[in-house]
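Nothing in this text is a laboratory measurement; each read-out follows from the coordinates by a stated rule. Remember, predicted model here, so these are calculated numbers, not experimental data. Note that each Cβ is placed from the backbone with ideal geometry, even for glycine, and that neighbours are counted across all protein chains shown.
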Amino acid sequence: MNKLFLCVILAIQCVYAQNELTHEVYFETDKYDVVITEENRLLLFISKLSDMDIESISIYGFCDDIGASEYNLKLSQDRANAIKAIFANNEISESLITNVDGKGEILLKIVDETDVLKIRGLNRKVEIIVKPKPEKKVEEQQVVTTEPKKNVTEQIKGKLKIGDKIVFENILFKTGYSVIMPESKKTLEDIAKSLVERTDIYFTIQGHVCCTQFSRDAVDRKTKKRNLSVARAKFVYDYFVKKGVNPKRMKYVGLRRLFPLGGDPKDDRRVEILITYVKEP
């Protein structure tokens, strides 16, 4: 009976581990800044998290066995903090990062390798563990209700005044990019048609990002520039121009993370319009 129980526990642990995503970032000796090749590998890993419902992210820093223990603890913590900053600057919510710990040195024998230099190189690292949320039971899914999405086109066609703001709630962006999700294309097309017809309003397109530190703009992974909120606003601006909206009626601006909505981070990867002028009838 005990053996059967142990086998069941091990099987559950294996399934659980398979659901986790892991990644390692390697560092140069005595350094905690991330070299470009390792950063690119990390950004590729982060891009895989876009469609994942994340429960928690753990970041653990390590050093090789050279140096004093106190020095290694600080260096390993600095490495973990550097990785956390990259996550935050690429629209991964800090609330998901539950552990950012420097573990100090790893002893040589932990790695199955005979070359001492290789071992030390492999031990200068940060380990990242991403734990997904468990799937909800069918009964739980049935009781969950969501508020119906506002009809943006109806707002555009309705009565508007200077200062009114219309949030494009159905226009969602891929994490770290200024390109909208495929399911948002039809909605953006409908909004463009409404704005072509509604010629009496002038407006500013405002782009936003989520999850960055200190209200800084996020990095656009396509261009590597820290102007993602502006890039999102410009993407919508260019789309409206292409669809026939007079460019003289609109401008665009990036507002970084200055105005979070306070809900799901995906809703902060958004664009909205601010009415700046309404022609008298």
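Quick look at the values:
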read-out: Cα centroid separation, segment 163-181 to segment 203-245 (Å); value: 9
read-out: Spin-label model distance (nm) - TYR277 vs THR22, 7 Å beyond Cα toward Cβ; value: 6.0
read-out: Rounded to 5, the percent of DSSP beta bridges in segment 152-278 classed as antiparallel; value: 70
read-out: Dmax and Rg, reported as Rg then Dmax, of segment 16-132 (C-alpha, Å); value: 14.1, 42
read-out: Order of ILE156, ILE191, ILE162 - criterion: other Cβ atoms within 10 Å of each residue's Cβ, fewest first; value: ILE162, ILE156, ILE191
read-out: Chain lengthening between ASP200 and SER69 when straightened (0.36 nm per residue, less Cα-Cα); value: 40.3 nm
read-out: Label-point separation in nm, SER50 to ASN81, each point 7 Å along Cα→Cβ; value: 3.1
read-out: Computed Kirkwood radius, in angstrom, where 1/r is averaged over Cα pairs of segment 152-278; value: 14.5
read-out: Neighbour-limited loop hits for trypsin sites (Lys or Arg not before Pro), segment 232-269 (at most 15 other Cβ within 10 Å; DSSP other than H, G, I, E, B); value: LYS243
read-out: Shape of segment 23-90, Cα gyration tensor, a/c cut at 1.5; value: prolate
read-out: Spatially proximal aspartates and glutamates relative to LYS165 (Cα-Cα < 17 Å; intrachain offsets below 8 disregarded); value: GLU154, ASP200, ASP267, ASP268, GLU272
read-out: Greater than 22 Å apart at Cα, pairs in LYS133/LYS222; LYS125/LYS222; LYS193/LYS279; LYS103/LYS224; LYS161/LYS243; value: LYS133/LYS222; LYS125/LYS222; LYS103/LYS224; LYS161/LYS243
read-out: Contour excess over end-to-end distance, with Cα ends at THR98 and LYS243 and 0.36 nm allotted per residue; value: 47.8 nm
